[in-house]
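The values are calculated or read from the model by the stated rules, or taken from the named source; none is laboratory data. In this text, all values refer to a predicted model and were calculated from it rather than measured experimentally. Using ideal geometry, Cβ is built from the backbone for each residue, glycine included, and neighbour counts are taken over all protein chains shown. Please note that ligands, DNA and RNA were not included when accessible areas were found on the heavy atoms of the full protein model with its side chains. Shrake-Rupley method; radii C 1.70, N 1.55, O 1.52, S 1.80 Å.
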Amino acid sequence: MLTRLLLVALLAGLGLSPAMAAPNGAKLYGRNCAACHGETGNGGIGVPLALPSFQADISDDYLRKTISLGRPGRVMPAFSHLDKAEIEAIVRHVRSWNKGPAATYSQRLVKGDPAHGKQLFGQYCATCHGATGEGRQGVGVTFSRPRDLPIMAPALYNPGFLAAATDAMIKATLMHGREGTPMTSFLKQGLKEKDIDDIVSYVRSFEKQPLPESAQLLQAEGPVIIRESAYDLKTTVENVKQAVTTHNFFYGRVQTLEYGLIEPARENPKQVIVYFCNISLLNQALAVDPRVGMFLPCRITILERDDGKVQVMSVNPKVLSRLFNNAELNRLCEQMSESYTRIMEEATL
């Protein structure tokens, strides 16, 4: 309490209120960024922000816009809940790992031949960044499977990247390369500066094209799929177990909704969960985004309300694609949503 009063007095003496104190960049980074980029910026799901070659070639404005806009469909969300002061505090914290001055770039467009740039992109960039600049697939984490690169190549055909990166910054990256990653200087690979201008011009031309599939997220009708059952609780549970098997899942177990949370004698037997799984589908999902494991195995909740009506519900898998900001999950989430709906309808009609 005394420390709090001293702090208030100190801020008052400076003409500030506690609410006006500058945001703590380290805490904000730890809360919003560290899970993907590492506590010390050494990378993980996200790129290693402390990498010297990365710090040398990116501008503060690039960091600000990247935090604000994210990368639609590419795991990194837009941090729209952060205000300008909080974003600036995170940028300052990220820059604390930089040993040199921050790069600054002109906003002018680079003039080049995009048609020739497209040819060069296919030859020099597509192997890592994808044939159309959609980026390396997968989130790049290592706890479910090994990754073959120290950094996952980002998506260049992405509205978030294109809005954050100036032509001059893209050109500098191509000319210098990114030491500590598979990307080497294009000058050292034998290209001329004009060739690099052509590649930059081609990448910028993505802005004039329709939004790529890799940046599109599924629209879910609602976060939960709900169906009313025409049967009693016991019959509905048996129907769900049968429907699960019919749709190529194997039935796991039934337990109360409160299992493990309270004493067994106090559990409500009118609120249960049916667990089930499909190993092939599980492996596909984990290969795309291991975070899906937090929502597996599959489950359907069955409740008997006070009026005696039975309700069947589950999380809508389509929401996962939006929640994780990963467009690669779209097909699997759509497939799972259809399976859940069919199982629930068969069990309740």
Please identify the trypsin sites (Lys or Arg not before Pro) of the range 247-339 that satisfy two criteria: DSSP loop assignment and at most 15 other Cβ atoms within 10 Å. Which are they? K270, R305, K309
Subtracting the Cα-Cα distance of A131 and S185 from 0.36 nm times their residue separation yields 17.5 nm
In Å and on Cα atoms, what radius of gyration and Dmax does the chain show? 25.4, 76
Using a simple spin-label model with points 7 Å from Cα along the Cα→Cβ vector, what separation in nm is obtained for F250 and S68? 5.2 nm
To check my understanding: the extent here is largest minus smallest coordinate of the Cα atoms along each principal axis. What are those three numbers for the range 34-113, in Å, largest first? 39, 30, 26
Euclidean distance between Cα centres, the range 180-231 to the range 303-344, Å: 27 Å
Where only protein heavy atoms count, and the probe is 1.4 Å, what is the accessible area per residue for the chain in Å²? 54 Å²
If packing is taken as the average number of other Cβ atoms within 10 Å across a peptide's residues, how do 89-95, 223-229 rank, most packed first? 89-95, 223-229
Within the range 263-289, what residues put their amide N at less than 20 Å from the label point 7 Å along the Cα-to-Cβ vector of I226? 270-274
Can you work out D for the range 224-348 in µm² s⁻¹ from Stokes-Einstein, where Rh is the Kirkwood radius over C-alpha pairs, the temperature is 37 °C and the viscosity is 0.692 mPa s? 218 µm²/s
Nothing charged except the Cβ atoms of Lys and Arg (+1) and of Asp and Glu (-1): what's the magnitude of the dipole of the chain about its Cα centre? Round to the nearest 20 debye. 760 debye
With the dipole of the chain defined by +1 on each Lys or Arg Cβ and -1 on each Asp or Glu Cβ, the option from S339, A230, M183 whose Cα lies farthest towards the positive pole is M183
Over the range 294-349, volume per residue of the alpha carbon convex hull, in Å³: 88 Å³
Explain nothing, just the number: dipole magnitude of the range 224-348 about its Cα centre with +1 on each Lys and Arg Cβ and -1 on each Asp and Glu Cβ, in debye rounded to the nearest 20. 200 debye
On a full-extension model of 0.36 nm per residue, what is the gain between K99 and D307, subtracting their alpha-carbon distance, rounded to one decimal in nm? 68.2 nm
As a test question: what accessible area, to the nearest 10 Å², does H176 have when a 1.4 Å probe is rolled over all protein chains in place? 120 Å²
If I ignore ligands, DNA and RNA and count only protein heavy atoms, how much of S80 is accessible to a 1.4 Å probe, in Å² to the nearest 10? 100 Å²
Full extension from Q123 to E258: what is 0.36 nm times the residue separation minus their Cα-Cα distance, to one decimal in nm? 42.9 nm
Mind grabbing the accessible area of E134 for me, 1.4 Å probe, Å², rounded to tens? 60 Å²
